[in-house]
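Here's the structure we're looking at; comments come further down.
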Amino acid sequence: MKYSLHVSTRISDWKFIKELEDLGYDAAWVPDSQMIWSDCYATMALAAANTSRIRIGTGVAIPGTRIAPTSAAAISSINQIAPGRIFWGVGTGHTAMRVMGQDPMPIKEFREYLRVMRALLDGEEVEYTYRDNTAPIKWGDHGEGFRNVEDRVPIYVAANAPMALRTAGNIADGLIAVFNEKPDILKYHMGHVRAGAEKSGRPLPDDFHTVSLTNAVVLAPGEKLTDDRVVDDASSWAIAALHFVYEIWRFRQDDSVVPDYMKGIWEEYLDYVSEIDVPREKLHQVVHTGHCSFCPPSERRFITPEMIVGTSMAGTPEELAEQIRSAEAAGLREISLLPGIDYTRQTARDFMEKVVPLV
């Protein structure tokens, strides 16, 4: 099992990625959300230049905000700084698009984007369409040192829905998804991944990488899920999950998308959103406040024990170690944590020092 952390993309937190390397983490994922955090590629470049072992990648890149050649230039440039330690995680774009009042990239466009990215990162010429004009493109040769496409950059697709999961099977080197640490969910996800690979005529690689994006709430002796410290620790990830489900529900108007662990607070949350004092055309600017960094104080009441257990790995070090062993036996290859800003360093240290040695 590999262990990694998603770092809220603050430009100065390249220093924290160095701390993660010193703690023994295998990788650091740097999210891409232009209206929320610093630029992911700038942060990654600083981290790449100041580390020597840890793998660094986007967690995840948003294709709707950059054309494929630009993304390929960015990640291959960073691969020049840290050869062979760079990966590219990518999704259709949820929060980064929603906070601008826009939708994620449609799957058909996403597949085309990945096709172009894979070819460019492999150093190949590729047909590229921009504004309905299609032309072959390839890297210009200006000498050495501009980019590294010799050390392969893996592409890890973020997906939970069937079409995106099958897209991962079609082209990706790995899958990152929430709840992959649960064996039944991982089995469901990989079923769609394999179906996508089979439909495209591609043998799924034996080393296809599987990552679970989650949070770890490490309970001290005697702590309960209702304790203030525990609620605070779990809140940023749990509330981000609530915001995500709300967006899906708002689009579909289908109560079946609401998981059981949210049902106890769902109607209250809908009432809360309906009373937010902003014009409805600006609701997208506030509904994701604190995304994966902190929980807005007015929303803390929605962090119930059911929400904590439903969204995070929560328990004593021994209980978390057992969850990880079960996930590994089911085929999971990496656990990646995304704690809130106030708890990032403590969670990173507690997990590596108290949980990992027990696995």
Original post:
Going through the range 151-182 one residue at a time, which ones are closer than 22 Å to Val257 by Cα, touching a helix residue (DSSP H, G or I) at 6+ places or on another chain (Cβ under 6 Å) and assigned to a helix (DSSP H, G or I)?
Top reply: Pro162, Met163, Leu165, Arg166, Thr167
Original post:
Hey, among Thr167, Thr226, Thr210, Thr214, which residue is touching a strand residue (DSSP E or B) at 6+ places or on another chain (Cβ under 7 Å), over 23 Å from Arg325 (Cα atoms) and touching a residue at least 40 places away in the same chain (Cβ under 8 Å)?
Top reply: Thr167
Original post:
Any idea how many residues of the range 23-45 are of a type outside the set (Ser, Thr, Tyr) and surrounded by 21 or more Cβ atoms within 10 Å (Cβ to Cβ)?
Top reply: 9
**OP:** Please enumerate the residues belonging to the range 160-188 that are among the small types (Gly, Ala, Ser), over 20 Å from Asp206 (Cβ atoms) and in contact with a Ser or Thr (Cβ under 7 Å, 6 or more places away or on another chain).
**Re:** Ala164
Original post:
If Arg252 satisfies every condition in (1) under 24 Å from the mean Cα position of the chain (by Cα); (2) farther than 25 Å from Leu337 by Cα; (3) surrounded by 13 or more Cβ atoms within 10 Å (Cβ to Cβ) but one, which is the exception?
Top reply: (3)
**OP:** Take the range 197-211 and flag every residue that is closer than 12 Å to Ala168 by Cα and in a strand (DSSP E or B).
**Re:** His209, Thr210
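Can you report the number of residues in the range 235-249 which are among the hydrophobic types (A, V, I, L, M, F, W, C) and over 17 Å from the mean Cα position of the chain (by Cα)? So that I can check it myself, show each step before the final result.
Step one: filter the range 235-249 for residues among the hydrophobic types (A, V, I, L, M, F, W, C), giving 237-242, 244-245, 248-249.
Still in the running and over 17 Å from the mean Cα position of the chain (by Cα): 248-249.
Final tally of qualifying residues: 2.
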Subject >> Given (1) more than 30 Å from Cys292 (Cβ to Cβ); (2) crowded, with 20+ Cβ neighbours inside 10 Å, number of the condition Leu120 does not satisfy >> reply: (1)
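Read the figures in this text as sums done on the coordinates, not as results from a lab. Predicted model, so just to flag it, every value in this text is computed and none were measured. Using ideal geometry, Cβ is built from the backbone for each residue, glycine included, and neighbour counts are taken over all protein chains shown.
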